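See below for the structure under consideration.
The values are calculated or read from the model by the stated rules, or taken from the named source; none is laboratory data. Keep in mind that what you see is a predicted model, and the values were worked out from it rather than measured. Backbone-built Cβ (ideal geometry, glycine too); neighbour counts: all protein chains shown.
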Amino acid sequence: EMSDYDGMNRKVVYRSPNIYLQVSNIAVYKDVLCGSDYDEKFVFCVGIGTGQESWRHEFSFEDPWGMTLLDSKVTTISNPCKDNGCEHICTNSEDGAVCHCKEGYTLNEDKKTCNASHSAHGRGIILSSGNNLCTVDIRVITGVRPNATCLLAWTSNITHIAVAANDSKVIFAAGDELILYDLVTGQNASLVSTGKVSGLVYSWIGGDVFWSESDTGKIKLLSLDSATKTDYTIYSNLNNPRDLAIDPHNEKLFWINTSPQSGALQIETGSFTGSDKKIFQSQLFINPSGLFFDGGLKLLFWISQQKLTYFSKSANFHLNTDHLLNTDTKLLIYKDYSISTKGDNQLTVYSLYDENDKHQYTVDKISDITAFALFDPDIQPKENNKCDIDNGGCEQICIPDGTQGVCECGLGYVLERDAHNCTTVAQSDMFALAVDFNHGLIYQISMNDNPKDKKVSAVDIPQPADPLATAYIPSTQSVIWADYMDDHILNTTLNTNITEILYSPVNYIVASIAVDYSTGNIYYTGLPYSYYIQYSMIGVIHYNSHQHKTLMDNIQYAYSVALHPPKGYMFWIDGAGMVGRANMDGTDPLFLVAYGMTSALAIAVDYKSDKVYYIDGERIDYMNLDGGNRQTLHMNQVAGLSHLGVAGEYVYCTAAYKQEILKIHKTTGLLVTDWMSPVTELGRLETITLYDKSVALPVHQKCSVNNGLCSTFCFPRPNNQRSCGCPEGVSLMADQRTCSGVPKCSMAIKHGKLSDLCSGYVNSTCDYECYPGYLKTLTGKLTCNDHLNWVQQTSVDVNMLCTPSPNVDPLHRKAESQQSDGSISSGTFAATIIVIIIVFIVIIVILVYVMYKRRIVTNMFSHAKFVNSPNVPDEGGPVDDRYTSITDINQPTASANAAGMENPLYEVRNKTAVPDNKDNTLPEQEFRSVDMTAYKY
């Protein structure tokens, strides 16, 4: 960016399309701005007016960190410093050469030579070796040879050190006293007698010295400004306190103490006055040591389990780093480095942000290090205004105003009535939800046509954050977003500071999120960053239970996903140059565009016209849902198109080189000018989600009603079909609706019943009705809660949902009650009796008829050898041997697949058995045809 000296006329000079660009240094020459990227190993230049890259050079092995530009033809200005004779440093000014001295020195009256302020380094480490007080250059952390210069030899071993850098004084503990040593004069003085000192710190704000005594169990205070030098006990009855640390800006002390109850070590904290003593951290790792509070980072560090450890405010717990300190017990934090030692003459130096950047140095001229402290006036500033003390109490921005501080808020926030904290005012009618990648924020941006200066509201997500993708659920005002650094998909509710983790797709960066408004289920694309995972994936998260299911895991580069719930389709962008489509349960995948794309990035669905829009490099294309009628809508070679959404008659886009949202007419393809003014505070806008309260949300007809009667996942499918699904490792039961182990509320209601569309699963809502003669006691729907109780705001008694109607006869109501309780209704009972009577009459008639016939034809078939034959001749007729010969008769045999017997005279099976088909239907049977005309009954 660039601006005037007073911060006005701010604008972006260049924004890289590569979100991972790491520019470590810039240089300006005429109308060209150049930068270096150490991570990608290249340097480049862009035009200040155009923002277009004009030159680049890539390195094979070097990591370019800094750069400058040199042109010998430009250096025509004279150099007064050349012959001025400054001893240390000379700078040119409009008035000529000006001499300066390096740290630890003052300029003499001749304005050229320098005199040492004291014998210590201007910025260094004050350390003790036995009874010697010494100093080394602070630049030891960057490789300067650590030669120790000893300043004082005391009469006993020095065990602890504190520094008053602005006063050039050192306080140290030796034997049973505290000593004050003046670096300028070389004088020393005894401050106070002590017990066994186990910790020593100095507050440069109030000029106070604090120390702990392990033998007395006390923490004491002494003011250097006091003429009497009287010590004061602020904490007592401690159990071996040690390793004192200080936060002078907030007047807090920290120390390690032994719990009197458990005997375990714990970190305790309290104020300078001896109040507010409490346990800061318990459950510590084994043998913590080296407690140190860094005022710049506002973090408490210590050594634990041989590693650098710190307290994380966001986690509200202490976290180990990967910085291995082995047996070191003493610790300092300076700038971005940790400095530690185990007590020998070795210093271990780590970069706080790179565990591989580790160096060990031997301090010459000493044999051991018994104590050390930092000497640097810059880390002990004398505050002149409130902004220097805990940011003036401001939550976000503190602007110095004399000795006071004025609180302000960043873009999208407003100052609360307390004039210190910031809050957001959420939008609810018509807005675009966009991720600001550079600043780690999510914004709501008004989509109203007027005014041009759009209202911008920040979503109050926890900071620091690294959002990359986002979506919106209007029913709960939930912003669903993904943090690409923490592997989390989260839910933040608007107008609150409530954020919860929905799911953590470990080993994947979530690049895109879409919501099925039929169910609230959350779809996302995951790009793997682990070397052992080859392909991207599309997964779905159940909004209520947070259960997960992988739908597809064979996509090359799953950059973006979009849904069309009414049609049952999902679409995705494969960065390999393809547009894919599948059912929303992941079945029937196919490619709508399989070639011809150059740089596919993002995709969106127009539910109104059933079109699919997507970004391919510099253009926006669209097509039908089946991939037909593919056309180009818009070309833009300078904006750097990133993501898009469709609402009404327009396509809205974010772009890498624009600090605004672009609006394009979806019929003409023309860019709408003067719609939104650029917002200079915006960074690079990434994913975009559009919401208009006046437009109905796209839902699937079946899945939108009681979750399609599915216990867990209801997946929209084409042709108004749906399928039910279960999380990984859970099987779908035979009813094709219920996942194994899913509980349900009771489906029985006394004197009534639940709706046929009621599933009874947790979070399902259902209507109910009462049987005739009973009235409903509640209006509205019932909800099955997590405890498997039906509720309507509060729990309800299912036995009291239907009460007797006062206008119905009690006997009739009793009959109805019996029906509702599962007994046979009066109508059913009457019908049953009638059927029984009819059957009885039929049986009597048949018996009478049979007896009558038997009397007439007595002994008629006495000559028959086999009376079960269906073709038996009448009396006196010839007998066919085919039906009387024993050898030709297939005797009844046990069926292979049934418990009974089969009669081969009635049923003839194929010689080859027919196996059951997949539908478990019986095999087809063949029957023998017999000519019945030759026989008479």
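Can you tell me which of ASP449, ASP453, ASP486, ASP460 is assigned to a loop (DSSP other than H, G, I, E, B), in the same structural domain as TRP675 (by TED's automatic domain parsing) and crowded, with 21+ Cβ neighbours inside 10 Å?
Residue meeting the stated conditions: ASP460.
It is to be established whether one or more residues within the range 580-591 are assigned by TED's automatic domain parsing to the domain that holds LEU685, surrounded by fewer than 18 Cβ atoms within 10 Å (Cβ to Cβ) and in a strand (DSSP E or B).
Checked against the condition, which is being assigned by TED's automatic domain parsing to the domain that holds LEU685, surrounded by fewer than 18 Cβ atoms within 10 Å (Cβ to Cβ) and in a strand (DSSP E or B), the range 580-591 yields at least one hit.
With under 25 Å from LEU709 (Cα atoms) and more than 16 Å from the chain's Cα centre (by Cα) as the only criterion, which of SER560, SER518 stands out?
Matching residue, one of SER560, SER518: SER518.
Pick out the one residue from LEU685, LEU670 that is in the same structural domain as ARG619 (by TED's automatic domain parsing), of a type outside the set (S, T, N, Q), farther than 18 Å from CYS784 by Cβ and surrounded by fewer than 21 Cβ atoms within 10 Å (Cβ to Cβ).
Result: LEU670 is the single residue among LEU685, LEU670 that is in the same structural domain as ARG619 (by TED's automatic domain parsing), of a type outside the set (S, T, N, Q), farther than 18 Å from CYS784 by Cβ and surrounded by fewer than 21 Cβ atoms within 10 Å (Cβ to Cβ).
Name the residue that is modelled with the highest pLDDT, counting only residues in the range 369-398 that are among the small types (Gly, Ala, Ser) and over 30 Å from ASP344 (Cβ atoms).
Of everything passing the filter in the range 369-398, GLY393 is modelled with the highest pLDDT.
Return the only residue of GLU94, GLU87 being charged (D, E, K, R), surrounded by 13 or more Cβ atoms within 10 Å (Cβ to Cβ) and farther than 30 Å from MET485 by Cα.
Exactly one of GLU94, GLU87 is charged (D, E, K, R), surrounded by 13 or more Cβ atoms within 10 Å (Cβ to Cβ) and farther than 30 Å from MET485 by Cα, namely GLU87.
Name every residue in the range 211-231 that is more than 17 Å from ILE179 (Cα to Cα) and surrounded by 12 or more Cβ atoms within 10 Å (Cβ to Cβ), in order of residue number.
SER214, THR216, GLY217, LYS218, ILE219
Give the residues of the range 592-603 that are free of Cβ contacts under 8 Å to residues at least 60 places away in the same chain, out of contact with any Lys or Arg (no Cβ under 6 Å at 6 or more places or on another chain) and surrounded by 12 or more Cβ atoms within 10 Å (Cβ to Cβ), sorted by residue number.
VAL593, ALA594, MET597, SER599, ALA600, LEU601, ILE603
Sort through LYS693, LYS702, LYS744, LYS750 and tell me the only one that's among the charged types (D, E, K, R) and buried (at least 19 other Cβ atoms within 10 Å of the Cβ).
Criteria check complete, one pass: LYS702.
When you scan the range 493-501, do you find a residue that is of a type in the set (Val, Ile, Thr), surrounded by fewer than 22 Cβ atoms within 10 Å (Cβ to Cβ), closer than 26 Å to TYR535 by Cα and touching a Gly at 6+ places or on another chain (Cβ under 8 Å), even just one?
Within the range 493-501, none of the residues are of a type in the set (Val, Ile, Thr), surrounded by fewer than 22 Cβ atoms within 10 Å (Cβ to Cβ), closer than 26 Å to TYR535 by Cα and touching a Gly at 6+ places or on another chain (Cβ under 8 Å).
Scan TYR472, TYR443 and give me the residue that is in contact with a strand residue (DSSP E or B) (Cβ under 6 Å, 6 or more places away or on another chain), surrounded by 21 or more Cβ atoms within 10 Å (Cβ to Cβ) and more than 26 Å from SER536 (Cβ to Cβ).
TYR443
In the list PHE61, PHE42, which residue meets the criterion of being of a type outside the set (Gly, Ala, Ser), out of contact with any Phe, Trp or Tyr (no Cβ under 9 Å at 6 or more places or on another chain), farther than 30 Å from VAL170 by Cα and free of Cβ contacts under 8 Å to residues at least 40 places away in the same chain?
PHE61
For residues in the range 755-770 being modelled with pLDDT of 90 or more and not charged (D, E, K, R), which is farthest from ASN706 (Cα to Cα)?
Filtering the range 755-770 for residues that are modelled with pLDDT of 90 or more and not charged (D, E, K, R), the one farthest from ASN706 (Cα to Cα) comes out as CYS770.
Could you grab me the full set of residues in the range 266-309 that are among the polar types (S, T, N, Q) and buried (at least 19 other Cβ atoms within 10 Å of the Cβ)?
GLN281, SER304, THR309
Yes or no, residue by residue, for (1) in the same structural domain as ASN438 (by TED's automatic domain parsing); (2) closer than 30 Å to ILE509 by Cβ; (3) more than 32 Å from the chain's Cα centre (by Cα); (4) surrounded by fewer than 16 Cβ atoms within 10 Å (Cβ to Cβ):
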site	(1), (2), (3), (4)
MET2	no, no, yes, yes
TYR5	no, no, yes, yes
ARG10	no, no, yes, yes
ARG15	no, yes, no, no
TYR20	no, yes, no, yes
VAL32	no, no, yes, yes
ASP37	no, yes, no, no
CYS45	no, no, yes, no
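Looking at the range 334-357 only, could you name the residues that are out of contact with any Ser or Thr (no Cβ under 7 Å at 6 or more places or on another chain) and among the basic types (Lys, Arg)?
Result: LYS335, single match.
Could you tell me which of the residues TYR761, TYR774 is crowded, with 20+ Cβ neighbours inside 10 Å and over 22 Å from TYR517 (Cβ atoms)?
Residue meeting the stated conditions: TYR774.
Return a yes/no flag: does the range 240-262 have any residue that is under 32 Å from the mean Cα position of the chain (by Cα) and within 21 Å of ASP328 (Cα to Cα).
There is no residue in the range 240-262 that is under 32 Å from the mean Cα position of the chain (by Cα) and within 21 Å of ASP328 (Cα to Cα).
If you scan the range 110-148, which residues turn out to be part of a strand (DSSP E or B) and without any contact (Cβ under 8 Å) to a residue 60 or more places away in the chain?
Selection gives CYS114, ASN115, ALA116, LEU133, ASP137.
Mind checking which residues of the range 364-394 are surrounded by fewer than 19 Cβ atoms within 10 Å (Cβ to Cβ) and either in a strand (DSSP E or B) or within 35 Å of the chain's Cα centre (by Cα) (or both)?
Result: ASP364, ASP388, ILE389, ASP390, ASN391, GLY393.
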